[in-house]
1. So which strands (runs of 3 or more DSSP E) stay within segment 214-264 end to end and still have 3 or more residues that are more than 15 Å from Val280 (Cβ to Cβ)?
2. For segment 198-221, which residues satisfy the criterion of being surrounded by 12 or more Cβ atoms within 10 Å (Cβ to Cβ) and free of Cβ contacts under 8 Å to residues at least 60 places away in the same chain?
3. For the condition touching a Ser or Thr at 6+ places or on another chain (Cβ under 8 Å) and within 30 Å of Arg383 (Cα to Cα), what is the one hit in Arg313, Arg277?
4. Hey, does segment 365-376 have a residue that's within 24 Å of Ala192 (Cα to Cα) and of a type in the set (A, V, I, L, M, F, W, C)?
5. Scan Leu147, Leu179, Leu174 and give me the residue that is touching a Pro at 6+ places or on another chain (Cβ under 8 Å) and either aliphatic (A, V, I, L, M) or at positive phi (or both).
6. State yes or no: is Pro520 open to solvent by 20 Å² or more (accessible area, probe 1.4 Å), at pLDDT 55 or above and not in a helix (DSSP H, G or I)?
7. Return yes when Val65 is in a strand (DSSP E or B), more than 21 Å from His155 (Cβ to Cβ) and either among the aromatic types (Phe, Trp, Tyr) or under 33 Å from the mean Cα position of the chain (by Cα) (or both) and no when it is not.
8. Considering only residues that are assigned to a strand (DSSP E or B), open to solvent by 10 Å² or more (accessible area, probe 1.4 Å) and without any contact (Cβ under 8 Å) to a residue 60 or more places away in the chain, which ones fall in segment 508-517?
Amino acid sequence: MTDVREVSCRPPGKRVLLFLAALSAAGAGAALVRAAYRGPDGWLGSGLLLGLLGLAALHKATARVRADTYGVHSWTLLRRRSVRWGDLADLRVRLKYANTPRVQDTRGISLLLRDGRKLLLPLPRSWSYDDPDFDAKLDAFRALHRLHGTPESDHVPVVSYRTAGRGWAGSLALCLLLLGGAGLAAWFVPSAASGERAWRSATPCTAGTPAADRDECLTTLTAVIARTDATWSRSKSSWLYFVDGRPMDRLAVSSDGAKMFEPGDSVELTVWRGEVREVVGERHVYRLHVSASGELAVVAAVCLLAAGHPAARVLLRLRGRRLPDDEVLPSALPFAGALVGTALWLLPLAYLHPTTLLTDPAAITWAATGSTATLAFFVWAWRATRVRTPGEIDATTGVTGVTGEAGGFAEMETDGKETDETETDETETDETETDAECDVFLAARFLEHTDYNPYGFGTHVVLGGGPLAVTPHPGPGRFAAKPVPVERLVVKEVRRVRGSDGDTVPSGWHMAELDDAGTPVRLAAAPDDLTRILRELASGPLRRESRASRSRRGGTRR
């Protein structure tokens, strides 16, 4: 598409959007007129909502993007922007994942400027991975950029929530919000503990108790239940209604509490600090639930642990700040596992020792032991989420090169083992029998549809006891295995996973870009497994040639 001169993007369904904007404006105007004559009411809120919807529709209807020989120009309702090709470093695809399965993911085009700023174009938009119109416009944008500018990358970078280029402001805000909730819950723990101690030490009021001190003692009142109202939802309160509205009209209880009593039951109400704390009947005793200090301490600990996950995401993004924006970051699941391990000792400790954590010797020992375990958990999580580059893996596994040549793969070390040209027939037979029992199944995935991986059915690669093959299962046995044509494959590059590889590839895997007789193919696997597969690909032709030579020599001897 080197002959592209101009690309223009306009919103689909522009007339419908304008109609919705006009209709919303009319509804908002009618609500304002009604409020002016009759005063503010519920219609005013509906009018404001319609006004916001109308502005959103008008914003989408007036959006427009054009790219020409001078640069990229975008128009919206409130702003106009123009970027010259010389100021543009790269064009990227911004992928926004939907939160519900019924809503498809959204793709857009983002501009990376040479000063580091990023601009998201309002158009084009796509809600499908297979959208020829979006792909054609993206290719046209990139063709114009190559013609009039100097792109930084030779592929289409895809930035998503998994990649290094996604911002971390949202995770930081969530972390701070949860830390604030933890601090607020911890603030009320001492007062809740004081209230618990006062309730346990409270005594019944006497005739000589002064009126000012009656809130601190227990007052008993008699009542007769008129009817009960038990709801099925736990989020709604159930009610006990009393005869003649004495000593009160009704009392909010739980659903189970309302089912304990029946109309006509005589009960005693225990009042403390102006609140009913117990309802005592002939058959049942119901105590109103009041948040205890241990429960508040558990809430504070849960909020603190929950804040650890977005904090880990921020840490991983800061740790990978030097990575390309479209490379996938390691998963935060190891840190989540460390937080779960911490919860196993921290939550019981917070519940049993909410206020004596620093004074009780047993609590101090418990906390010290648990903190040591948590430190070990986080050290393991830190090591598990380190960024492993293909160069590091190749250096540790003995691979001295990964770039393919015309005849196959580059030179690879063989750990000092050379083919012996004078092996006997007995050795060959023993070796064949051993190979048949040493199949190794490695989790790996060819991302493209090929004759040995039709419709992406393969989930594992089997090697060792026979030819390299793709299987839809982790073994044992080579059922449904399809052999890989090793002689056709040439390694072009080994790299980390990018956003364009999709979200089905684990973030800790590496990607090998292969050439399959002129067709690009991608193979994804864990770093060590991928290096082992590549070594097998490289040594497969040599091993077959060696076996053929031994077979020919054996036939000659016979």
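1. On the way: elements: 219-229, 238-242, 250-253.
Fully inside segment 214-264 and qualifying: 219-229, 238-242.
2. First, pick out the residues of segment 198-221 that are surrounded by 12 or more Cβ atoms within 10 Å (Cβ to Cβ): 198-199, 202, 205, 209, 214-221.
Those that are surrounded by 12 or more Cβ atoms within 10 Å (Cβ to Cβ) and free of Cβ contacts under 8 Å to residues at least 60 places away in the same chain: Ala198, Cys205, Thr209, Arg214, Asp215, Glu216, Cys217, Leu218, Thr219, Thr220, Leu221.
3. Numbers: Arg277 fails: within 30 Å of Arg383 (Cα to Cα).
Exactly one residue qualifies, and that residue is Arg313.
4. Going through segment 365-376, the residues within 24 Å of Ala192 (Cα to Cα) turn out to be 366-367.
From what's left, of a type in the set (A, V, I, L, M, F, W, C): 366-367.
Checking segment 365-376: at least one residue is within 24 Å of Ala192 (Cα to Cα) and of a type in the set (A, V, I, L, M, F, W, C).
5. Values: Leu147 fails: touching a Pro at 6+ places or on another chain (Cβ under 8 Å); Leu179 fails: touching a Pro at 6+ places or on another chain (Cβ under 8 Å).
Residue meeting the stated conditions: Leu174.
6. So Pro520 fits the description; yes.
7. Numbers: in a strand (DSSP E or B): yes; more than 21 Å from His155 (Cβ to Cβ): yes; either among the aromatic types (Phe, Trp, Tyr) or under 33 Å from the mean Cα position of the chain (by Cα) (or both): yes.
Here the answer is yes, as Val65 does meet what is asked.
8. Matches in segment 508-517: Glu513 only.
The values are calculated or read from the model by the stated rules, or taken from the named source; none is laboratory data. Keep in mind the model is a prediction, meaning the values are calculated, not measured. With ideal geometry, Cβ positions are generated from the backbone for all residues, glycine too; neighbour counts draw on all protein chains shown. With ligands, DNA and RNA removed, areas are computed over all heavy atoms of the protein, side chains included. Shrake-Rupley method; radii C 1.70, N 1.55, O 1.52, S 1.80 Å.
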